[in-house]
Amino acid sequence: MSKKYKAMVLSCIDPRFQPIVFNYLKKRNLNGKYSSFTIAGSAIGVTATKFKKWHETFWNNLETSINLHKITKLIVINHRDCGVAKILNRKKKFNEQNESLIHKKSFNQIKKTLKKRHKKLKIEMILISLNKEIKKFN
Ligand SMILES: [Zn+2]
């Protein structure tokens with residue numbers, strides 16, 4: 001838990017998760033050390049083809065934060081029961097397994113694109129449940 005780095009936090013617009021995300025980051029002593037980019041679906045919104053128009057806005061903002069705030073890390077926080085995951089799931093049964101696949105795909109994609117665009121930036125990928133359970137991916 002280094003206090004030296006600055007990060008950008010990518011998270012979802014879901015109202016239920018605002019206090020969860022805030023408190024999680026506070027617990028990690030990241031208050032005042034991160035810039036926030038909040039968009040429907042978090043990593044799903046900035047990677048899924050369905051939301052293509054949103055992608056460039058995210059990458060532009062990330063680049064701006066790198067330049068302005070010297071961030072060295074991107075913290076991606078997706079969450080369970082996400083409405084955007086439900087949209088992508090379409091008519092399939094929305095269960096934990098199907099939802100996990102959607103999150104994993106978005107994590108893999110954002111990691112891949114980040115490597116291409118900002119090689120030096122570190123990435124953390126987190127999935128939070130409504131009961132505040134934290135699951136880390138890499
Ligand atoms: Zn969501």
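Here are some conditions: (1) in contact (Cβ under 8 Å) with a residue 60 or more places away in the chain; (2) surrounded by 16 or more Cβ atoms within 10 Å (Cβ to Cβ). Residue 99 meets all but one. Which one does it not meet?
In the conditions (1) in contact (Cβ under 8 Å) with a residue 60 or more places away in the chain; (2) surrounded by 16 or more Cβ atoms within 10 Å (Cβ to Cβ), residue 99 misses (1) alone.
Find the residue count for region 1-20, including only residues that are free of Cβ contacts under 8 Å to residues at least 24 places away in the same chain and in a strand (DSSP E or B).
Result for region 1-20: 0.
Report yes if some residue within region 57-66 is of a type in the set (Gly, Ala, Ser), out of contact with any Gly (no Cβ under 6 Å at 6 or more places or on another chain) and in contact (Cβ under 8 Å) with a residue 60 or more places away in the chain; otherwise report no.
no
How many residues are out of contact with any Ser or Thr (no Cβ under 7 Å at 6 or more places or on another chain) and either modelled with pLDDT under 95 or surrounded by 15 or more Cβ atoms within 10 Å (Cβ to Cβ) (or both) if we restrict to region 105-117?
5
May I ask you to say which residue of 37, 22, 58 is under 21 Å from residue 131 (Cα atoms) and hydrophobic (A, V, I, L, M, F, W, C)?
None of the other options fit; the residue is 22.
Out of 47, 113, report the one residue that is more than 16 Å from the ligand (Cβ to nearest atom) and over 23 Å from residue 19 (Cα atoms).
One residue alone meets the criteria, 113.
Is it the case that some residue within region 21-42 is part of a loop (DSSP other than H, G, I, E, B), within 16 Å of the ligand (Cβ to nearest atom) and touching a strand residue (DSSP E or B) at 6+ places or on another chain (Cβ under 6 Å)?
The answer is yes; a qualifying residue exists.
Looking at region 5-20 only, could you name the residues that are surrounded by 17 or more Cβ atoms within 10 Å (Cβ to Cβ) and within 15 Å of the ligand (Cβ to nearest atom)?
9, 10, 11, 12, 14, 17, 20
In region 109-138, what residues are touching a residue at least 40 places away in the same chain (Cβ under 8 Å), under 21 Å from residue 63 (Cα atoms) and in a loop (DSSP other than H, G, I, E, B)?
Answer for region 109-138, where residues must be touching a residue at least 40 places away in the same chain (Cβ under 8 Å), under 21 Å from residue 63 (Cα atoms) and in a loop (DSSP other than H, G, I, E, B): 118, 120, 121.
For the subset of region 21-49 comprising residues that are of a type in the set (Val, Ile, Thr) and within 13 Å of the chain's Cα centre (by Cα), which member is surrounded by the fewest Cβ atoms within 10 Å (Cβ to Cβ)?
The qualifying residue surrounded by the fewest Cβ atoms within 10 Å (Cβ to Cβ) is 38.
Would you tally the residues in region 67-93 being within 16 Å of the ligand (Cβ to nearest atom) and more than 18 Å from residue 43 (Cβ to Cβ)?
The qualifying residues number 0.
Would you be able to say whether some residue in region 70-81 is part of a helix (DSSP H, G or I), touching a residue at least 24 places away in the same chain (Cβ under 8 Å) and of a type outside the set (D, E, K, R)?
No.
The values are calculated or read from the model by the stated rules, or taken from the named source; none is laboratory data. Since the model is a prediction, treat every value here as computed from it, not as a measurement. With ideal geometry, Cβ positions are generated from the backbone for all residues, glycine too; neighbour counts draw on all protein chains shown.
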